[in-house]
Amino acid sequence: VGVLDQGPAITFPPGFLWGAATAAYQIEGAATEGGRTPSIWDTFSHTEGRTVAGHTGDVACDHYHRMPSDVRLMAELGLKSYRFSVSWSRVQPGGTGAANPEGLDFYRRLVDELLANGIEPWLTLYHWDLPQPLEDAGGWPARDTAARFADYSQLVADALGDRVKYFTTLNEPWCSAFLGYGSGVHAPGRSDGADAVRAGHHLMLGHGLAVQALRASRPQAQLGITLNLYPVTPASDAPADVDAARRIDGLANRFFLDPVLRGSYPADLQADLRKVTDFGHVRDGDLAVVSTPLDVVGINYYSRHVVAAPVEGAEPEAYWRAPSCWPGSEDVRFVTRGVPVTDMDWEIDAPGLVETLERVHRDYTDLPLYITENGSAFVDEVVDGRVDDPDRLAYFDAHLRAAHAAISAGVPLKGYFAWSLMDNFEWAWGYTKRFGMVHVDYDTQVRIPKSSARWYAEVIRRNGLAAQ
Ligand code: PNW
């Protein structure tokens with residue numbers, strides 16, 4: 001079925017913010033330059049057996065040295081906004097104390113370059129790269145890390161707040177907590193359910209403290225958080241399957257949505273986790289901090305979870321479904337439906353994006369919503385200096401139609417960021433998975449916009465999709 005016959009022409013609201021996203025450790029490289037010191041991802045990727053083929057972010061896309069030409073590429077694609085993250089270890093090496101002027105200068109130059117090209121900078125403060133000394137002091141399971149994060153956030157806002165309007169505190173705290181401290185497939189690679197739950201709380205506490213600090217010093221800033229959300233569907237309407245879906249929805253979505261947007265942990269989630277933790281780490285007043293009012297909410301959307309009741313002896317299906325990233329619910333089965341998948345084996349489910357946006361708007365908030373990541377990995381081939389990626393293009397097309405359907409249904413969706421601007425270090429998968437609209441040759445660092453990038457440039461130019 002061609003991507004060229006999937007729907008009518010659609011137009012997005014005026015001013016819709018079209019962008020693309022990256023993250024510091026995934027693209028910058030220059031791991032030991034400019035005063036940068038190790039983060040948990042340097043340590044993890046340099047530890048035998050943690051990433052595919054031992055890949056590290058030491059060089060990555062060498063963006064640290066190629067930043068001006070990368071911004072020129074963004075301008076050629078017509079991006080209205082660029083979402084990037086700041087490497088904590090670059091601007092505050094070690095995670096405490098004074099700023100590193102050379103580190104801040106890199107981001108100042110990046111932001112100035114963006115502004116000179118009419119591209120709105122969208123700055124994420126934390127995309128998973130905790131300074132290693134803070135991990136050595138206990139990491140996110142330790143309460144003090146939240147205060148350290150607020151301190152670092154203030155330092156970044158002091159340096160860049162005069163030219164950056166949009167600040168996201170955390171990217172996907174679910175991944176930091178449950179993949180970092182639960183299943184251990186992400187840095188720092190620890191594996192303990194109670195630690196994961198504590199980490200999740202302290203990440204949100206750090207978020208709330210950072211929002212308070214930034215609000216006080218930068219009243220004009222637009223502040224938000226980015227959550228990775230999934231619709232969770234029961235494999236059947238049998239009560240046991242429905243209950244399995246309730247449990248996974250609790251851990252994947254409501255664990256973060258409820259504290260941040262309602263100021264409380266769901267009672268059923270706390271009951272499910274009773275064998276794991278007594279929530280003794282949650283102090284009086286914490287949830288008021290966590291739920292400090294925001295200006296925008298960012299949503300990263302990739303796929304849907306379909307789950308079923310426990311069956312004796314069932315095996316998990318993929319690395320990121322490893323049992324312990326669902327503390328207390330390791331026995332729930334993740335079901336594959338046989339629908340088309342990406343190279344990550346994630347099922348392609350555009351209607352799930354509509355459901356997710358409508359749910360957040362209906363059940364949680366009237367705030368403006370932004371899709372801060374959406375995209376797909378596929379195997380690409382360079383032929384005669386060109387990369388044709390119809391599957392990735394079709395994924396974007398289907399999800400943009402879904403985003404538009406949500407807007408038509410009344411969701412205040414204000415922007416969309418493709419993941420990712422360019423191929424990059426895909427965490428535990430190293431360079432073996434390609435999410436980019438721009439192809440990167442890791443030997444030569446040559447960038448080639450794929451056909452999906454050319455198509456996206458046209459989408460931005462039209463502020464919508466052509467009739468197909
Ligand atoms: C997100 N999961 O990661 C991140 O924000 C990006 O840095 C990353 O490159 C992108 O999505 C693609 O993976 C995720 O296991 C990693 O559910 C894992 C999961 C979800 C998101």
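The values are calculated or read from the model by the stated rules, or taken from the named source; none is laboratory data. No experiment lies behind these values; they were computed from the predicted model shown. Cβ: placed from backbone, ideal geometry, glycine included. Neighbour counts: every protein chain shown. Surface accessibility is based on the protein's heavy atoms, side chains included, excluding ligands, DNA and RNA. Shrake-Rupley method; radii C 1.70, N 1.55, O 1.52, S 1.80 Å.
Say whether the condition of being at pLDDT below 95 and open to solvent by 10 Å² or more (accessible area, probe 1.4 Å) is met by at least one residue in the stretch 442-463. There is no residue in the stretch 442-463 that is at pLDDT below 95 and open to solvent by 10 Å² or more (accessible area, probe 1.4 Å).
Let's see how each residue does on (1) touching a Leu at 6+ places or on another chain (Cβ under 9 Å); (2) outside any loop (DSSP other than H, G, I, E, B); (3) closer than 22 Å to Thr168 by Cα; (4) of a type outside the set (A, V, I, L, M, F, W, C):
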| site | (1), (2), (3), (4) |
| --- | --- |
| Thr233 | no, yes, no, yes |
| Asp268 | no, yes, no, yes |
| Asp278 | no, no, no, yes |
| His281 | no, no, no, yes |
| Val306 | no, yes, no, no |
| Asp331 | no, no, no, yes |
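If only residues of the stretch 221-244 that are farther than 26 Å from Leu123 by Cβ and within 16 Å of the ligand (Cβ to nearest atom) are counted, the one that is farthest from the chain's Cα centre (by Cα) is Thr233.
Results for (1) at pLDDT 85 or above; (2) among the small types (Gly, Ala, Ser); (3) within 13 Å of the ligand (Cβ to nearest atom); (4) open to solvent by 60 Å² or more (accessible area, probe 1.4 Å), shown as yes or no for each residue.
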residue	(1), (2), (3), (4)
Val297	yes, no, no, no
Cys325	yes, no, yes, no
Ser329	yes, yes, no, no
Phe334	yes, no, yes, no
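For first residues located in the stretch 169-198 and among the basic types (Lys, Arg), partners that are within 13 Å of the ligand (Cβ to nearest atom) and open to solvent by less than 20 Å² (accessible area, probe 1.4 Å) and lie 6+ apart or on another chain with Cβ distances below 9 Å form the pairs Arg190/Gly180; Arg190/Gly182; Arg190/Gly184; Arg198/Ala177. Take the stretch 128-155 and flag every residue that is in a helix (DSSP H, G or I) and under 16 Å from Phe167 (Cα atoms). Once the filter is applied, which keeps residues that are in a helix (DSSP H, G or I) and under 16 Å from Phe167 (Cα atoms), the stretch 128-155 yields Phe149, Ala150, Asp151, Tyr152, Ser153, Gln154, Leu155. Per this entry, Val211 is counted among residues that are open to solvent by less than 10 Å² (accessible area, probe 1.4 Å) and within 20 Å of the chain's Cα centre (by Cα).
Looking at the structure I just gave you, is Val164 in a helix (DSSP H, G or I) and open to solvent by less than 10 Å² (accessible area, probe 1.4 Å)? Judged against the criteria, Val164 is not a match.
Restricting the stretch 24-67 to residues that are touching a Lys or Arg at 6+ places or on another chain (Cβ under 8 Å) and in a helix (DSSP H, G or I), the residue that is nearest to the ligand (Cβ to nearest atom) is Ala24. It is to be established whether one or more residues within the stretch 215-226 are crowded, with 20+ Cβ neighbours inside 10 Å, of a type in the set (Ser, Thr, Tyr) and over 21 Å from Ala150 (Cα atoms). No, because not a single residue in the stretch 215-226 is crowded, with 20+ Cβ neighbours inside 10 Å, of a type in the set (Ser, Thr, Tyr) and over 21 Å from Ala150 (Cα atoms). Only one of the numbered conditions (1) open to solvent by 10 Å² or more (accessible area, probe 1.4 Å); (2) touching a helix residue (DSSP H, G or I) at 6+ places or on another chain (Cβ under 7 Å) is not met by Leu73, and that is (2). Restricting attention to the stretch 167-208 and to residues that are open to solvent by less than 10 Å² (accessible area, probe 1.4 Å) and of a type in the set (Val, Ile, Thr), the residue that is farthest from the chain's Cα centre (by Cα) turns out to be Val197.
Conditions tested, residue by residue: (1) under 30 Å from Thr47 (Cα atoms); (2) open to solvent by 50 Å² or more (accessible area, probe 1.4 Å).
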| site | (1), (2) |
| --- | --- |
| Trp346 | yes, no |
| Asp363 | no, yes |
| Ala377 | yes, no |
| Val387 | no, no |
| Leu393 | no, no |
| His399 | no, no |
| Ile407 | no, no |
| Phe425 | yes, no |
| Lys433 | yes, no |
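Filtering the stretch 404-441 to residues that are aliphatic (A, V, I, L, M), in a helix (DSSP H, G or I) and either within 20 Å of Glu172 (Cα to Cα) or modelled with pLDDT under 95 (or both) leaves only Ala428.
For residues that are open to solvent by 10 Å² or more (accessible area, probe 1.4 Å) and assigned to a strand (DSSP E or B), scanning just the stretch 6-23, find the one that is nearest to Phe167 (Cα to Cα). The selected residue is Leu17. Just wondering, is there one or more residues in the stretch 13-20 that are closer than 27 Å to Leu400 by Cα, within 16 Å of the ligand (Cβ to nearest atom) and under 22 Å from the mean Cα position of the chain (by Cα)? Yes - at least one qualifying residue is present in the stretch 13-20. Within the stretch 377-397, residues that are free of Cβ contacts under 8 Å to residues at least 60 places away in the same chain sit with their Cβ atoms under 6 Å from residues that are open to solvent by 80 Å² or more (accessible area, probe 1.4 Å), at 6+ positions apart or across chains, in these pairs: Phe378/Asp391.
Once the stretch 232-275 is narrowed to residues that are open to solvent by less than 40 Å² (accessible area, probe 1.4 Å) and of a type in the set (Val, Ile, Thr), the residue that is farthest from Val297 (Cα to Cα) is Ile248.
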